[in-house]
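The values are calculated or read from the model by the stated rules, or taken from the named source; none is laboratory data. Remember, it's a predicted structure, so these values are computed and weren't measured experimentally. FYI the Cβ positions are ideal-geometry reconstructions off the backbone, even for glycines, and counts take in every protein chain you see.
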Amino acid sequence: MRGRSPKKRITPPDPKFGSEVLQRFINKLMWRGKKSVAERAVYDAFDMIQEKIGEEPLDVFLKALKNVKPQVEVKSRRVGGSTYQVPIEVKANKQEAIAMRWIINYARSRKGIPFSQKLAIELMDAYNNTGASIKKKMDTYKMAEANRAYAHYRY
C-alpha cells in the first residue's frame, strides 16, 4: 500500500439518544441526503419497539446489531486458474458495517407496510435471533465452514 491511510472521520452522536453507532446507522439508511426522513423512520421504529417489547429501544438496537455481526466471511481468490471461496475473519468496524447493511436491506425488502414498521420488525427479529438478517449471517458462516479447506489461501 502506498502513502498513508486516511484519518478516520468521527461521527457526531445522534441528537435523541447520543449514540454514535445509531448515527452511523441513520447515515447508512439515508437516501439522497434526506437525513431528517431517515431519522424520523428510525425514531418511529424505536417507538414501535418500545411499545411491543417494553425495553429500552437503543439496547434492543445494539443487541440486534451484535446478533447480526458476522465473525467470518468468504472472499473469492484465484489460484492457478480456479477460483476458491476463502474464509477470512472480519474486522470489528467492517462487522458493524455489514450488519447494518444487512438489516437495512432486509427491512427494505419487506413489502406492504410503512418503512419504520419494516425496520422495527427487522430489528426485533434480529434481537430475537430470527429473521432474514440472522439467516444471512448463518448462511455466510456455513459457507465459510464448508470452505475451511481453502483457509491456507488466505491473504
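Among the residues making up segment 98-134, those that are surrounded by fewer than 19 Cβ atoms within 10 Å (Cβ to Cβ), of a type in the set (Gly, Ala, Ser) and in contact (Cβ under 8 Å) with a residue 12 or more places away in the chain are SER109, SER116, ALA132. Considering segment 135-147, the residues that are surrounded by 13 or more Cβ atoms within 10 Å (Cβ to Cβ) and not small (Gly, Ala, Ser) include one that is modelled with the lowest pLDDT, namely ASN147. Within segment 1-42, the set of residues being small (Gly, Ala, Ser) and more than 26 Å from VAL60 (Cα to Cα) comprises GLY3, SER5, GLY33.
Sub-9 Å Cβ pairs linking a first residue in segment 5-28 that is at negative phi to a second residue that is among the β-branched types (Val, Ile, Thr) and at pLDDT below 90, at least 6 apart or interchain, are GLU20/ILE10; GLU20/THR11; VAL21/THR11; GLN23/THR11; ARG24/THR11; ASN27/THR11, ordered by first then second residue. For segment 72-91, the count of residues that are free of Cβ contacts under 8 Å to residues at least 24 places away in the same chain and within 15 Å of the chain's Cα centre (by Cα) is nonzero.
One residue alone among ALA64, ALA92, ALA41, ALA45 is surrounded by fewer than 18 Cβ atoms within 10 Å (Cβ to Cβ) and either at pLDDT below 95 or of a type in the set (Gly, Ala, Ser) (or both), and that residue is ALA92.
Quick one: ALA149 ticks every box in (1) closer than 18 Å to VAL74 by Cβ; (2) of a type outside the set (Val, Ile, Thr); (3) outside any helix (DSSP H, G or I) bar one, so which box is it? Checking ALA149 against (1) closer than 18 Å to VAL74 by Cβ; (2) of a type outside the set (Val, Ile, Thr); (3) outside any helix (DSSP H, G or I), the one that fails is (3).
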